[in-house]
Amino acid sequence: MTPEPSYRPSSPGRSCPKTMLVRHAEVLVTMDGARRELRDAGLFIEDNRITAVAPTSELPPTADEVLDLRGHLVVPGLVNTHHHMYQSLTRAVPAAQNAELFGWLTSLYRIWANLTPEMIEISTLTAMAELLLSGCTTSSDHLYLYPNGCRLDDSIAAAARIGMRFHASRGSMSVGAKDGGLPPDGLVEREADILADTQRLIETYHDAGRYAMLRVAVAPCSPFSVSRDLMRESAALARTYGVSMHTHLAENAADVAYSRERFGMTPAEYAQDVGWLGPDVWHAHCVQLDAAGIDLFARTRTGVAHCPCSNMRLASGIAPVRSMRAAGVPVGLGVDGSASNDGAQMVAEARQALLLQRVGFGPDAMSAREALEIATLGGAAVLGRDDIGALAPGMAADFVAFDLHQPRFAGAWHDPVAALIFCAPSQVAYSVIDGKVVVREGHLATVELEPLINRHNALAQRLASAAH
Ligand code: ZN
């Protein structure tokens, strides 16, 4: 009798070469200290790290796997510093299409209250597939609600399966409506439970080592959904273990008004008061960070996840990225959750960052190369990493390649690097993460997309109907 075949997650085409030679890239952007842009160039990779970056003629002639990238632009893998991947189950929800932040959240909380562990895992896979195909190789995710047995472990399992470098942020909400917070009381957790679970996750999963594929961050959701005590105790816990801290801050005018009314201080002053400044902290949005706040962030090297599409979608305003960078604030890019930026594409986000700064602050407010730098090196710095974001010997083997022979790039032969940002957002032809091919010839190599999207859509419909 033939035994029934056991189920294994499919991984067609995924390979684990000991050495990899990448050659003949039309242009290769290093983002190294010299910001070199090499023509007819490539990389040599041993296991999961880069050992050489050079013109093709200076690289070894062969390797276990050879990628011939003639006609492609190669850049470091893009880094996404802010997301809520579960929200890809609630895109374009009619009741939340035309609201600002607080109204948008209130419409969606009652749907999210029905999330299940499978929904977390499947939506994380879908969100990561979208990110990977758009050039992102490292992503953070901020999961802050845990109804019906959901756990951050569900997201972590998805990242391992699809092959994405992952900073999993253990979010939380503890102040419900009856205590003056925004979320419904049924969606908040007890603070002792939050801290215990966060500690469990750090001890179980956090990898502090170089080339780590998984790190855990401590991430109360926002000043309007957790207490001052939880902010302080979360910071103490994070610093005991040396892990990063993440939350939302100064997202829009109502957020600032809440801070002034409830705490008697600006969001930046509140962050300082509860110990949430420093090189181990990054805050999402900071659209309404004032001049004193920018100065405080710069002096303490506190990072910002800039989310231009979400800020435009929710009419939150234009974050002063030009001023932040001029002052020395580390800035990375975030696509934000898929319910407030219903397209989570990293190249599109970099393009939008450039366009929005120009709307707010003039044509020289951001160049294409600066947008690409924020999307790579900027994100790496915000996540506290010096092993990703650039292509250089000793860096992690994370890069992406874009095929320049597409209609969207036609006529941009003078400057393919600027074209990546100025032209219509592109999908990657190749993505290599930790030395492994995750996207090959435009197709995801680790997970089959069609059954994933079918399951995702079925779960999205179930989630929507459960709220009625
Ligand atoms: Zn967010």
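Residue-by-condition table, conditions (1) open to solvent by 50 Å² or more (accessible area, probe 1.4 Å); (2) more than 15 Å from VAL29 (Cβ to Cβ); (3) out of contact with any Phe, Trp or Tyr (no Cβ under 9 Å at 6 or more places or on another chain):
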position	(1), (2), (3)
ALA371	no, no, yes
ILE374	no, no, yes
PHE399	no, no, no
GLN406	no, yes, yes
ALA410	yes, yes, yes
VAL417	no, no, yes
TYR430	no, no, no
VAL447	no, yes, yes
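Within segment 187-207, identify whether any single residue is in a helix (DSSP H, G or I), modelled with pLDDT under 95 and under 20 Å from LEU145 (Cβ atoms), and answer yes or no.
Yes: segment 187-207 contains one or more residues that are in a helix (DSSP H, G or I), modelled with pLDDT under 95 and under 20 Å from LEU145 (Cβ atoms).
If you scan segment 146-186, which residues turn out to be in a loop (DSSP other than H, G, I, E, B) and in contact (Cβ under 8 Å) with a residue 60 or more places away in the chain?
Of the residues in segment 146-186, the ones in a loop (DSSP other than H, G, I, E, B) are 146, 150-151, 163-164, 173-176, 180-184.
Within segment 146-186, GLY163, MET164, GLY180, LEU182, PRO183, PRO184 meet the criteria.
Here is a check on your reading of the model: is ALA319 within 16 Å of the ligand (Cβ to nearest atom) and assigned to a strand (DSSP E or B)? Even if it seems obvious, please write down each step before you answer.
Numbers: within 16 Å of the ligand (Cβ to nearest atom): yes; assigned to a strand (DSSP E or B): no.
No: the conditions fail for ALA319.
Looking at segment 330-345, which of the residues that are out of contact with any helix residue (DSSP H, G or I) (no Cβ under 6 Å at 6 or more places or on another chain) and modelled with pLDDT of 95 or more is farthest from the ligand (Cβ to nearest atom)?
Residue satisfying both the conditions and the ranking: GLN345.
Of (1) open to solvent by 10 Å² or more (accessible area, probe 1.4 Å); (2) of a type outside the set (Gly, Ala, Ser); (3) within 16 Å of the ligand (Cβ to nearest atom); (4) assigned to a loop (DSSP other than H, G, I, E, B), HIS248 satisfies all except one. Which?
Of everything listed in (1) open to solvent by 10 Å² or more (accessible area, probe 1.4 Å); (2) of a type outside the set (Gly, Ala, Ser); (3) within 16 Å of the ligand (Cβ to nearest atom); (4) assigned to a loop (DSSP other than H, G, I, E, B), HIS248 misses just condition (4).
Quick one: is LEU296 open to solvent by less than 40 Å² (accessible area, probe 1.4 Å) and touching a residue at least 60 places away in the same chain (Cβ under 8 Å)?
No: the conditions fail for LEU296.
Among the residues of segment 302-316, what is the count of those that are open to solvent by 10 Å² or more (accessible area, probe 1.4 Å) and within 12 Å of the ligand (Cβ to nearest atom)? Steps first, answer last, please.
Taking segment 302-316 as the starting set, the residues that turn out to be open to solvent by 10 Å² or more (accessible area, probe 1.4 Å) are 309, 312-313, 315.
The next check asks that each one be within 12 Å of the ligand (Cβ to nearest atom); those that pass are 309, 313.
Adding up the residues that qualify gives 2.
May I ask you to list the residues in segment 310-336 that are under 12 Å from ALA284 (Cα atoms) and among the polar types (S, T, N, Q)?
SER310, ASN311
If I ask for residues that are modelled with pLDDT of 95 or more and open to solvent by 10 Å² or more (accessible area, probe 1.4 Å), which ones from segment 168-183 would you list?
SER174, the sole residue that qualifies.
I'd like the residue in segment 220-245 that is surrounded by 23 or more Cβ atoms within 10 Å (Cβ to Cβ), touching a Phe, Trp or Tyr at 6+ places or on another chain (Cβ under 7 Å) and of a type in the set (A, V, I, L, M, F, W, C) and, out of all such residues, is farthest from ASN311 (Cα to Cα).
MET245
Within segment 322-329, does at least one residue satisfy the condition of being open to solvent by less than 10 Å² (accessible area, probe 1.4 Å), part of a helix (DSSP H, G or I), within 14 Å of the ligand (Cβ to nearest atom) and in contact with a Leu (Cβ under 8 Å, 6 or more places away or on another chain)?
Residues of segment 322-329 open to solvent by less than 10 Å² (accessible area, probe 1.4 Å): 324, 329.
Okay, now just the ones that are also part of a helix (DSSP H, G or I), so 324.
Subsequent filtering for residues that are within 14 Å of the ligand (Cβ to nearest atom) retains none.
Scanning segment 322-329, I find no residue that is open to solvent by less than 10 Å² (accessible area, probe 1.4 Å), part of a helix (DSSP H, G or I), within 14 Å of the ligand (Cβ to nearest atom) and in contact with a Leu (Cβ under 8 Å, 6 or more places away or on another chain), so the answer is no.
Taking segment 432-445 on its own, how many of its residues are surrounded by 18 or more Cβ atoms within 10 Å (Cβ to Cβ) and of a type in the set (Gly, Ala, Ser)?
Matching residues across segment 432-445 total 2.
What are the pairs with Cβ atoms under 9 angstrom where one residue, in segment 43-57, is farther than 23 Å from ARG210 by Cα and the other, located anywhere, is of a type in the set (Asp, Glu) and modelled with pLDDT of 95 or more? Sequence gap at least six, or different chains.
Close Cβ pairs (under 9 Å, with a partner that is of a type in the set (Asp, Glu) and modelled with pLDDT of 95 or more) amount to PRO55/ASP40; THR56/ASP40; SER57/ASP40.
Is there a residue in segment 364-382 that is among the hydrophobic types (A, V, I, L, M, F, W, C), within 16 Å of the ligand (Cβ to nearest atom) and at pLDDT below 95?
No, that holds for no residue.
In the set GLU118, GLU191, which member is among the charged types (D, E, K, R) and touching a helix residue (DSSP H, G or I) at 6+ places or on another chain (Cβ under 6 Å)?
Of the residues listed, the single one that is among the charged types (D, E, K, R) and touching a helix residue (DSSP H, G or I) at 6+ places or on another chain (Cβ under 6 Å) is GLU191.
Looking only at residues in segment 130-151 that are surrounded by 24 or more Cβ atoms within 10 Å (Cβ to Cβ) and among the hydrophobic types (A, V, I, L, M, F, W, C), which one is farthest from the chain's Cα centre (by Cα)?
Taking the candidates together, the pick is LEU143.
The values are calculated or read from the model by the stated rules, or taken from the named source; none is laboratory data. Note that this is a predicted model, so its numbers are computed, not measured. Glycine gets a Cβ as well: all are built from the backbone with ideal geometry, and neighbour counts include every protein chain shown. For accessibility, only protein heavy atoms count, side chains too; no ligands or nucleic acids. Shrake-Rupley method; radii C 1.70, N 1.55, O 1.52, S 1.80 Å.
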